[in-house]
1. Give, as residue ranges, the strands (runs of 3 or more DSSP E) completely inside region 1-113 that count at least 2 residues that are at pLDDT 95 or above, open to solvent by 40 Å² or more (accessible area, probe 1.4 Å) and touching a helix residue (DSSP H, G or I) at 6+ places or on another chain (Cβ under 9 Å).
2. Which of the residues that make up region 88-124 are touching a Lys or Arg at 6+ places or on another chain (Cβ under 7 Å) and of a type in the set (S, T, N, Q)?
3. Test Gly117 against the stated conditions and say whether it is in contact with a Phe, Trp or Tyr (Cβ under 7 Å, 6 or more places away or on another chain) and open to solvent by less than 50 Å² (accessible area, probe 1.4 Å).
4. Please work out if Leu99 is within 19 Å of Val1 (Cα to Cα) and hydrophobic (A, V, I, L, M, F, W, C).
5. Among what's in region 16-65 and is in contact with a Gly (Cβ under 8 Å, 6 or more places away or on another chain) and of a type in the set (Phe, Trp, Tyr), pick the residue that is nearest to Ser109 (Cα to Cα).
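The values are calculated or read from the model by the stated rules, or taken from the named source; none is laboratory data. Please read these numbers as outputs of a predicted model, since none were measured by experiment. For neighbour counting, all protein chains shown are included, and Cβ atoms are generated from backbone atoms with ideal geometry for every residue, glycine included. Calculation scope for accessible area: heavy atoms of the full protein, side chains included, ligands and nucleic acids excluded. Shrake-Rupley method; radii C 1.70, N 1.55, O 1.52, S 1.80 Å.
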Amino acid sequence: VQLQAFGGGLVQAGGFLRLSCAASGRPSRSYVMGWFRQAPGKERKFVAAITWSGGRTVYADSVKGRFTISRDNAKNTVYLQMNSLEPEDTAAYYCALDLSGLVVRDSSSEYDYWGQGTQVTVSS
């Protein structure tokens, strides 16, 4: 399985971006997709995740109400719509795949595959 994330960029505070992550060679069973982010000198942190059906989504408190995760299984793609961006959202964003299937987990150690990261920079 390979994950490729794209859509990052430079945006002013209050602006928006939409990240995408395409999975190739996906596993034959259901899987959870998640987004994490890592700022320079800091640990990687959970942002959001979604089950295969899309019926369950989980968000970090810091992004609730501003970010929306969704997925298109026909395209093997997960999205992260980021609105009302703040300078504190500046980080490299990584998509990840968890083979567990049904449980949305927020620990990076639970995820099996990772994309290469896409940089999001929010200026004040």
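1. Numbers: elements: 2-6, 9-12, 17-24, 32-38, 45-50, 57-59, 67-72, 77-82, 91-98.
Counting at least 2 such residues, we get no strands (runs of 3 or more DSSP E) at all.
2. Ser108
3. Numbers: in contact with a Phe, Trp or Tyr (Cβ under 7 Å, 6 or more places away or on another chain): yes; open to solvent by less than 50 Å² (accessible area, probe 1.4 Å): yes.
It is true that Gly117 is in contact with a Phe, Trp or Tyr (Cβ under 7 Å, 6 or more places away or on another chain) and open to solvent by less than 50 Å² (accessible area, probe 1.4 Å).
4. Numbers: within 19 Å of Val1 (Cα to Cα): yes; hydrophobic (A, V, I, L, M, F, W, C): yes.
Taking the combined requirement at face value, the residue satisfies it.
5. Per the stated criteria, the residue is Phe46.
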